[in-house]
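Undergrad: Quick one: this structure, given as structure tokens, is what I'll be asking you about.
What follows draws every value from the coordinates through simple rules; no lab data is involved. Please read these numbers as outputs of a predicted model, since none were measured by experiment. Glycine gets a Cβ as well: all are built from the backbone with ideal geometry, and neighbour counts include every protein chain shown.
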Amino acid sequence: MARSAALIPAAGRGERLGLGPKAFLPLGKHSLLKHVLLAFEGEVDELWVAVSEDMLAEVEAHLLKGTRVIVGGKARQETVYRLLKASSADVVLIHDAARPFLTKTLIAQCLEAAEQFAAITVARAVADTLMTKSKGEIIDRSSLLAVQTPQGFKRDLILKAHEQALEQAVEATDDAALVRLLGHTVQTVEGNPWLNKITTPEDYALAKALEMSWQHAH
Ligand code: CTP
Ligand code: MG
């Protein structure tokens with residue numbers, strides 16, 4: 001059986017939300033980071049978290065037994081690259097700490113798809129009408145998907161993609177995009193609104209309001 005790992009970038013400063021690192025923020029009974037770890041518990045062989053240096057002391061209270069911690073980089077891409085080098089798993093699922101509403105069912109689906117296709121991302125259809133900022137032109141939303149996480153990869157492939165990105169000074173907020181630059185296709189796994197990233201104060205307020213119904217439904 002292929003060895004699997006969850007890689008959780010949590011080293012961001014949460015500047016747009018303005019309440020410190022998002023990983024430590026409470027949501028119901030747990031922090032965002034702990035919600036994510038609890039979802040991955042039992043589904044993967046290794047749990048890896050990357051935090052910033054000044055988060056190292058506080059992170060201990062948010063970990064599960066066996067979770068491994070490293071120091072992340074200045075940008076998310078650098079953080080993920082460090083996580084990829086730290087783990088030796090065959091298949092990795094990369095998931096933002098800022099997306100706490102994650103199910104074990106989705107994780108299992110992503111793992112299976114990642115083993116089969118070598119590169120997958122969770123993504124969902126866009127519901128709003130989309131237009132360009134500059135000219136107000138409407139973009140056909142049926143051709144678009146909003147990218148979420150988890151994203152899953154054979155580790156060899158995503159490591160190669162990150163190394164090429166480094167060489168070519170390509171920066172992306174999305175790991176699957178780096179694999180696509182290698183000429184490799186990325187399969188999609190159906191996402192959902194629960195997986196939207198908590199980015200702004202409004203997103204956090206919504207997440208807190210939704211947490212009760214999440215507990216009932218899962
Ligand atoms: N992240 C990381 N290392 C960085 C930057 C971001 O591990 N140097 C992580 C964040 O902790 C988060 C995920 O990447 O789990 C998505 O990033 P984002 O939503 O942008 O979080 P922050 O960078 O913390 O927020 P902001 O951009 O508002 O400062
Ligand atoms: Mg950021």
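Undergrad: Which residue, chosen from Ala205, Ala97, Leu83, occupies the Cα position most advanced towards the positive end of the dipole of the chain, where the dipole is computed from +1 (Lys, Arg) and -1 (Asp, Glu) charges on Cβ about the Cα centre?
TA: Farthest towards the positive end: Ala205.
Undergrad: Between Trp214 and Ala108, what FRET efficiency comes out of the Förster formula 1/(1 + (r/R0)^6) with R0 = 25 Å and r the beta carbon distance, rounded to 0.05?
TA: After rounding to 0.05, the efficiency reads 0.85.
Undergrad: What does the highest-first list of 79-92, 145-158 look like by mean Cβ count within 10 Å?
TA: 145-158, 79-92
Undergrad: Express in whole angstrom the spacing between the alpha-carbon centres of the stretch 118-176 and the stretch 1-76.
TA: Answer, in whole Å: 22.
Undergrad: Something else: Count the net charge of all other residues whose Cβ sits under 12 Å from the Cβ of Val51, scoring Lys and Arg as +1 and Asp and Glu as -1.
TA: 0
Undergrad: Related question: Let me know the shape class of the chain, please: from the alpha-carbon gyration tensor, a ≥ b ≥ c as square roots of the eigenvalues, rounded when a/c is under 1.5, otherwise prolate if a/b is greater than b/c, or oblate.
TA: Verdict is rounded for the chain.
Undergrad: Same structure, new question: Once you order the gyration tensor axes a ≥ b ≥ c over the Cα atoms, which shape class does the stretch 134-218 get: rounded for a/c under 1.5, otherwise prolate or oblate by comparing a/b with b/c?
TA: Since a/c reaches 1.5 and a/b is larger than b/c, the shape of the stretch 134-218 is classed as prolate.
Undergrad: Still on this model: Applying a 10 Å radius around every beta-carbon, put 54-65, 5-16 in order of their mean neighbour count, most first.
TA: So the peptides 54-65, 5-16, ranked by packing, come out 5-16, 54-65.
Undergrad: Got a sec? How would Trp194, Trp48 order by Cβ neighbour count within 10 Å, fewest to most?
TA: Arranged by neighbour count, lowest to highest, Trp194, Trp48 become Trp194, Trp48.
Undergrad: Treat every Asp and Glu Cβ in the stretch 36-185 as -1 and every Lys and Arg Cβ as +1, leave all other atoms uncharged, and give the resulting dipole magnitude about the Cα centre to the nearest 20 debye.
TA: In debye, rounded to 20, the stretch 36-185 gives about 300.
Undergrad: How large is the dipole of the stretch 124-218 about the Cα centre if only Lys and Arg carry +1 and Asp and Glu carry -1, each at its Cβ, rounded to the nearest 20 debye?
TA: In debye, rounded to 20, the stretch 124-218 gives about 120.
Undergrad: A further question on this structure: Classify the stretch 149-197: rounded, prolate or oblate, from the alpha-carbon gyration tensor (a ≥ b ≥ c, eigenvalue square roots; a/c under 1.5 rounded; otherwise prolate if a/b is larger than b/c)?
TA: prolate
Undergrad: Next question. Which of Ser4, Ser52 has the fewest other C-beta atoms within 10 Å, and how do the rest follow up to the most?
TA: Going from sparsest to densest Cβ surroundings: Ser52, Ser4.
Undergrad: Take the alpha carbon atoms of the stretch 1-107, find their radius of gyration, then divide it by 2.2 N^0.38 Å using N residues; give the quotient.
TA: Output field value: 0.98.
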